Amino acid sequence: MSQLKPKTIFEKIWDSHVVKRAEGYPDALFIDRHFIHEVTSPQAFDGLKKRGIQVFNTSRTTATADHNVPTKDQHLPIKEALSRHQVETLRKNCKEFGVELYDLGHAYQGIVHIIGPELGLTQPGMTIVCGDSHTSTHGAFGNIAFGIGTSEVEQVLATQCILQYKPKTMKIEINGKLGKGVVSKDIILYIISKISASGATGFFVEYAGDAITSLSMEARMTICNMSIEMGARGGLIAPDETTFNYIRGRKFAPQGEAFDRKVEEWKKLKTDEGATYDSVLAFDAADIGPMITYGTNPGMGMKVTDRIPTIAELKEISEQHSFTKSLEYMGLEPGSSLLGKYIDYVFIGSCTNARIEDLRLVAEMVKGKTKASNVEVWVVPGSKQVEDQARREGLDKIFEAAGFELRSPGCSACLGMNEDKVPAGKYCISTSNRNFEGRQGPKSRTFLASPLSAAAAAITGRVTDVREFV
Amino acid sequence: MSKDKFTTLKTTAVPLPNENIDTDQIIPARFLKATTREGFGDNLFRDWRYDAENNQIPEFVLNDNKYSGKILVAGKNFGCGSSREHAAWAIYDYGFRVVVSSFFADIFKNNALNNGLLPIVVSDQFLKQMLQAVEEKPSTEIVVDLENQILQVGAVKESFEINKYKKTCMINGYDDIDYLLSLNKEIREFDVANT
């Protein structure tokens, strides 16, 4: 038998999806699963209409409405005209082209990166794209999943392929035991704070190590979700028993013997002994604490007990201008601590942290407690299924007693596109993924943190070290 | 659809030295609601250009009459964040044809190239010099020669890298779908074999 070159899991999946590799061209990569939503698809469907072509394979495409949707009174027409038009355009396009749509009110509706996994549409070994950068979430199942632009959405609708150059590979290994009050969101915020918001640009990341493999699927998704926040094309985790157990029995997963056969295939999806990466980073789980961001990109993060750097402590002089501008926007002083700082809003939601496990974590912490009077707290489930599950488990009662508002599913206050916005100048502790200027609404100020840290802050009304509670 | 062809460009530039300019700054989410590709230029850098009452913020470069031209020169890690192609559409719609930076986020770079907007990567050092040259003398003439991959700022020439395939697309106004559609038979076979 000839000796094959050892490959990373990323290379195995990529190479098995190349339909055509031609000199002077990027690879034509076959896409197994395409998710679409109302914001980045209308112009792509227009392109198909102009060319007079159909969707290549509708069974590989799934649509939902999430970015623009209100999280209250979803049974009523969307109030805002442009948002309503965009959702209606999605409806029309899905009908015309025969694409399955989980529309508002449907039992499967929700944030696109939450519903894919929970419906079993997301599986190991696949290639998955969506016109949304947080498509990297799906990589938690051991697949190649990445965000694309609308021209690329059109490519995939038209041909089920995308033209792509193979990115470089990076391994991020985290070993050791996480401390008290530290959850997967802290792991990823920690990594990004160490390597910066562009530290993995050009790379596809594989997360490994026992601190990763010991995590649940929900927790793994949180980590892969934020791969893009360090610039990575995507991030994946090799599938294992935790993965298979999560998928087993889900709506669109293979069933019975077909599932067992798939699992045997999926077990081969791991990086070969001796395979090499273009970059390898390693971190110790014990060094990670509850994290919080203080600036206007996700790389500007620190342990909640640390203080914001001073100008003199910046690594590069070129950062000074952006750093100063960022802190001015946030209304914060270099060198100061955030602990005890009053906040105005708490947002628990988004494709990063709105799965049932996140809501359970929050409920467990706030059970029997009430929110501080200075904060408004929104809990926005990632999908209708998460919402229903939360109600079945009685989490809604716990939230209600605590003064938290449990809303209906959608992207909500993660991106300031729908009705849910943080007002100008207000501080919000958010479990979402971006703290960019104006991200949660014009002039809003965002502190990114874990659901646990957000829950603790909701109770005290201030930036809090969650370890006081656990 | 074929895009505008890009060969050479002689123009001036607008300097925006901020680093990590994310696509939420380029075009905030609340302006992503159109269902066509046109008109996004009006809201390019919306919250840096206008205050809450829609008055122009005079200090912002796009409101500064000193600067004009079809090249935007920006700090490193330009276009990070969301995959919204609307960011590339907004920059193009406003009238820019080139963005120069020392580092671009991946998805933005692809989106730009897919829309006839040329992202040019230069060294940190060259970027600094270019920003300085434009700020000191806004009328500095800049020439982009895509065929020969040369960026000329005043008298200083710098060569830049661009992927050969993408260069051909830009020069001829091709897009990726034309190529992929030509692979239809192979893709069908692949799809059937992998279902």
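The values are calculated or read from the model by the stated rules, or taken from the named source; none is laboratory data. Model, not experiment: these values are computed from the prediction. Cβ sites come from the backbone with ideal geometry, for glycine too, and all protein chains shown count toward neighbours.
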- [ ] Sort out which residues of the range B:18-42 are of a type in the set (A, V, I, L, M), more than 7 Å from every other protein chain (Cβ to nearest Cβ) and out of contact with any Gly (no Cβ under 8 Å at 6 or more places or on another chain), and write them in order of number.
- [x] B:27, B:34
TODO: Would you check if residue B:82 is facing chain A (nearest Cβ under 8 Å) and part of a loop (DSSP other than H, G, I, E, B)?
DONE: yes
Task: Selection status of residue A:182, modelled with pLDDT of 95 or more and part of a loop (DSSP other than H, G, I, E, B) - done: yes
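One residue is enough: does the range B:49-57 have a residue meeting the conditions away from chain A (no Cβ under 11 Å) and assigned to a helix (DSSP H, G or I)?
Yes - at least one qualifying residue is present in the range B:49-57.
Being crowded, with 23+ Cβ neighbours inside 10 Å and assigned to a loop (DSSP other than H, G, I, E, B) is the filter; apply it to the range B:104-115 and report the residue that is farthest from the other protein chains (Cβ to nearest Cβ). Full working, then the answer.
Applying the first criterion (crowded, with 23+ Cβ neighbours inside 10 Å) to the range B:104-115 yields B:104-114.
Narrowing the set further to residues that are assigned to a loop (DSSP other than H, G, I, E, B) leaves B:105, B:114.
On the way: B:105: 6, B:114: 4 Å.
Looking at residues that are crowded, with 23+ Cβ neighbours inside 10 Å and assigned to a loop (DSSP other than H, G, I, E, B), I get B:105.
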TODO: Report yes if some residue within the range B:164-179 is within 14 Å of chain A (Cβ to nearest Cβ), touching an Asp or Glu at 6+ places or on another chain (Cβ under 7 Å), surrounded by fewer than 16 Cβ atoms within 10 Å (Cβ to Cβ) and among the small types (Gly, Ala, Ser); otherwise report no.
DONE: yes
TODO: For the range A:113-132, state whether one or more residues are among the acidic types (Asp, Glu), buried (at least 24 other Cβ atoms within 10 Å of the Cβ) and within 11 Å of chain B (Cβ to nearest Cβ).
DONE: yes
- [ ] Might you let me know whether the range A:23-43 holds any residue that is of a type in the set (Lys, Arg), on the phi < 0 side of the Ramachandran plot and surrounded by fewer than 19 Cβ atoms within 10 Å (Cβ to Cβ)?
- [x] no
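Within the range A:292-322, restricting attention to residues that are buried (at least 22 other Cβ atoms within 10 Å of the Cβ) and within 11 Å of chain B (Cβ to nearest Cβ), which residue is farthest from residue A:467 (Cα to Cα)?
A:322
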Open item on the list: Suppose we keep only residues that are in contact (Cβ under 8 Å) with a residue 40 or more places away in the chain and surrounded by 18 or more Cβ atoms within 10 Å (Cβ to Cβ) within the range B:120-137. Which one would you say is nearest to residue B:178 (Cα to Cα)?
Closed with: B:120
Open item on the list: Considering only residues that are in contact (Cβ under 8 Å) with a residue 60 or more places away in the chain, at negative phi and not in a helix (DSSP H, G or I), which ones fall in the range B:158-189?
Closed with: B:174, B:175
- [ ] For the range A:1-37, name all the residues that are among the aromatic types (Phe, Trp, Tyr), modelled with pLDDT of 95 or more and over 17 Å from residue A:57 (Cα atoms).
- [x] A:10, A:14
TODO: Please name all residue pairs, on different chains or six or more residues apart, with Cβ atoms under 7 Å, provided the first residue is in the range B:14-33 and is at positive phi and touching a residue at least 24 places away in the same chain (Cβ under 8 Å) and the second residue is surrounded by 24 or more Cβ atoms within 10 Å (Cβ to Cβ) and aliphatic (A, V, I, L, M).
DONE: B:20/A:197
Open item on the list: Can you tell me which residue is modelled with the highest pLDDT among those in the range B:8-48 that are in a helix (DSSP H, G or I) and basic (Lys, Arg)?
Closed with: B:46
TODO: Please specify each residue of the range A:159-189 satisfying the condition of being more than 14 Å from chain B (Cβ to nearest Cβ) and of a type in the set (A, V, I, L, M, F, W, C).
DONE: A:172, A:174, A:178, A:182, A:183, A:187, A:188, A:189
Task: Failed item in (1) within 14 Å of chain B (Cβ to nearest Cβ); (2) closer than 26 Å to residue B:37 by Cβ; (3) touching a Cys at 6+ places or on another chain (Cβ under 9 Å); (4) surrounded by fewer than 23 Cβ atoms within 10 Å (Cβ to Cβ), with residue A:103 passing the rest - done: (1)
TODO: List the number of the failed condition for residue A:222; all other conditions in (1) in a helix (DSSP H, G or I); (2) farther than 21 Å from residue A:383 by Cβ hold.
DONE: (2)
